[in-house]
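Here the structure is laid out as structure tokens; the discussion comes afterwards.
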């Protein structure tokens, strides 16, 4: 039984996913359905958490929109996620950046990795 479930889950994985970590600023190109039309909407923000594994893996992106914090959780292997583009790499020392929820403006910035 377990091998059957594993085979089904492996078939649902995306072939290529962009490598990104917590603290990175990313652009998520998500498919939006409006009636019978489908379009792509870009959501740009900081990755505050990654969790799960296999086809259940998700990541949460946070941005400030008109002074209000907005968070979206995206399934990593969803067909509704067209692509993920890394804008800048962040340097953080923890796996979950929930402390950014309490910060606004420049205090909510994450240091950039210098390469």
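Scan the stretch 59-82 and tell me whether some residue there is without any contact (Cβ under 8 Å) to a residue 60 or more places away in the chain, outside any loop (DSSP other than H, G, I, E, B), exposed (fewer than 13 other Cβ atoms within 10 Å of the Cβ) and in contact with a helix residue (DSSP H, G or I) (Cβ under 8 Å, 6 or more places away or on another chain). The answer is no; no qualifying residue exists. Among the residues of the stretch 48-69, is any over 30 Å from residue 6 (Cα atoms) and under 10 Å from the mean Cα position of the chain (by Cα)? Within the stretch 48-69 (the criterion being over 30 Å from residue 6 (Cα atoms) and under 10 Å from the mean Cα position of the chain (by Cα)), the answer is yes, since at least one residue qualifies.
All conditions in (1) touching a residue at least 60 places away in the same chain (Cβ under 8 Å); (2) more than 12 Å from residue 47 (Cα to Cα) hold for residue 115, with the sole exception of (1). Cβ-Cβ contacts under 7 Å between residues 6 or more apart (or on different chains), taken from a first residue in the stretch 4-26 that is part of a helix (DSSP H, G or I) to a second residue that is surrounded by 11 or more Cβ atoms within 10 Å (Cβ to Cβ), are listed as 9/54; 9/55.
All of 28, 110 fail the test of being surrounded by 16 or more Cβ atoms within 10 Å (Cβ to Cβ) and at pLDDT 95 or above, apart from 28. Limited to the stretch 27-56, what total is found for residues that are farther than 19 Å from residue 90 by Cβ and either in a loop (DSSP other than H, G, I, E, B) or touching a helix residue (DSSP H, G or I) at 6+ places or on another chain (Cβ under 7 Å) (or both)? Number of matching residues: 6. Against the numbered list (1) free of Cβ contacts under 8 Å to residues at least 60 places away in the same chain; (2) over 15 Å from the mean Cα position of the chain (by Cα), residue 30 comes up short only at (2). Annotation note: of 115, 62, the sole residue that is at negative phi and at pLDDT below 95 is 115.
The values are calculated or read from the model by the stated rules, or taken from the named source; none is laboratory data. In this text, all values refer to a predicted model and were calculated from it rather than measured experimentally. Quick reminder, even Gly has a Cβ in these numbers, built from the backbone with ideal geometry, and neighbours come from all protein chains shown.
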